[in-house]
1. Could you check T10 against (1) surrounded by 14 or more Cβ atoms within 10 Å (Cβ to Cβ); (2) under 19 Å from the mean Cα position of the chain (by Cα); (3) more than 20 Å from T150 (Cα to Cα) and say which number it fails?
2. Need at least 1 residues that are touching a residue at least 24 places away in the same chain (Cβ under 8 Å) and under 19 Å from R2 (Cα atoms) per element, so show me which helices (runs of 4 or more DSSP H) inside the stretch 28-84 make the cut, counting only ones lying wholly within it.
3. Could you tell me which of the residues L123, L98 is within 24 Å of T11 (Cβ to Cβ) and either out of contact with any Cys (no Cβ under 6 Å at 6 or more places or on another chain) or acidic (D, E) (or both)?
4. Taking the condition in contact with a Leu (Cβ under 9 Å, 6 or more places away or on another chain) and assigned to a strand (DSSP E or B), does V117 pass?
5. With the condition kept exactly as written, say whether any residue in the stretch 119-136 is hydroxyl-bearing (S, T, Y), touching a residue at least 24 places away in the same chain (Cβ under 8 Å) and crowded, with 18+ Cβ neighbours inside 10 Å.
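Any read-out appearing in this document is the output of simple, stated calculations on the displayed coordinates, not a laboratory observation. From a predicted model like this one, the values you see are computed outputs, not experimental measurements. FYI the Cβ positions are ideal-geometry reconstructions off the backbone, even for glycines, and counts take in every protein chain you see.
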Amino acid sequence: MRQIFLDTETTGLDAEGGDRIVEIGCVEMVARRLTGNHRHYYLNPQRSSHPDALRVHGLSDEFLADKPRFDEVAEELLAFLAGAEIVIHNAPFDVGFLDRELQRCGRGPLQQHVGAVTDSLLLARELYPGKSNSLDALCKRLAVDNSARTLHGALLDAGLLADVYIGMTRGQGSLVIDAADAAGPALQADAIDLAAFDLPVPLPTPDELAAHRAVLADIHKASRGRLLWQADLA
């Protein structure tokens, strides 16, 4: 299964009132493994961000002035999303903005281009009813390190969402068998000395290293230089 974890940052909260997308981050997962394939766009919204929104994402008018418009990246973005399950935290908000942007450039709504849209916020509410289910709260609950998230960034948040989603859908409880409930005699296995095995350690290929550095570089940029693994960017 191919899944894309997607997040946006915007100039405000009202897509129908004219607010626009200023950043899109997408992280790809196939068969529950991150592939290193991603898309990240800063966009010129052709309007200023509301002060409250600016305090959230920190993307100034000056920074966004030379960035592409949404219509200039729409074809590439839709090609990347095509056919995948799109996982978004509080999906109606981001989908509303994406649909409005797609409408402006003469394209159909997001649902027409992707396999499905999954709202991870609804999943979290089912798993943890009555609790805070913001991305920060879920990171804390599921032991996902979000220490770099001093400002919201679309690519950084999409990566955190992927980790949170894995935690929420791990299904470990169904694999645990309580000893008191087990039927039949207990099974015993002989101890194995693992030191006797010479386990190979495969090294990454040049392409894998390049993809790894590209992801780190984008996270470094999206987190305003707060990446903990900066040595890997050399």
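1. Of the numbered conditions (1) surrounded by 14 or more Cβ atoms within 10 Å (Cβ to Cβ); (2) under 19 Å from the mean Cα position of the chain (by Cα); (3) more than 20 Å from T150 (Cα to Cα), the odd one out for T10 is (3).
2. Numbers: elements: 51-57, 61-64, 70-81.
Per the criteria, 70-81.
3. That would be L98, the only listed residue that is within 24 Å of T11 (Cβ to Cβ) and either out of contact with any Cys (no Cβ under 6 Å at 6 or more places or on another chain) or acidic (D, E) (or both).
4. Numbers: in contact with a Leu (Cβ under 9 Å, 6 or more places away or on another chain): yes; assigned to a strand (DSSP E or B): yes.
Against the criterion (in contact with a Leu (Cβ under 9 Å, 6 or more places away or on another chain) and assigned to a strand (DSSP E or B)), V117 qualifies.
5. yes
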